[in-house]
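To keep things clear, I will list the structure first and then write my remarks on it.
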């Protein structure tokens, strides 16, 4: 008799969980989808705000960073990288 009670309890728990999952799974998945959509909208909003700040017309040149002011004398040998070689085209 104890064996039948155990089987009955297991079946009741199984079918009870099955019914609960059918009731709450759509709400749970809807909540997860809504949170995911909010997350993507937030990230996409940051992306579009960043692009709208740097949006420019075609052909327009914008310099974001100015070069540092160093001593750029022509006679300073520490700034030279190498010799200039002028190549000529041979036909």
One would report the Cα pair-distance distribution of segment 1-52, bin width 10 Å, in %, as 22, 22, 18, 15, 12, 8, 4, 0
Please give, to one decimal in nm, the separation of the simple spin-label points placed at residue 58 and residue 88, each 7 Å out from Cα toward the Cβ. 4.3
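Values in this text are rule-based calculations from the coordinates and carry no lab data. All values reported here derive from a predicted model rather than from experimental measurement. Cβ sites come from the backbone with ideal geometry, for glycine too, and all protein chains shown count toward neighbours.
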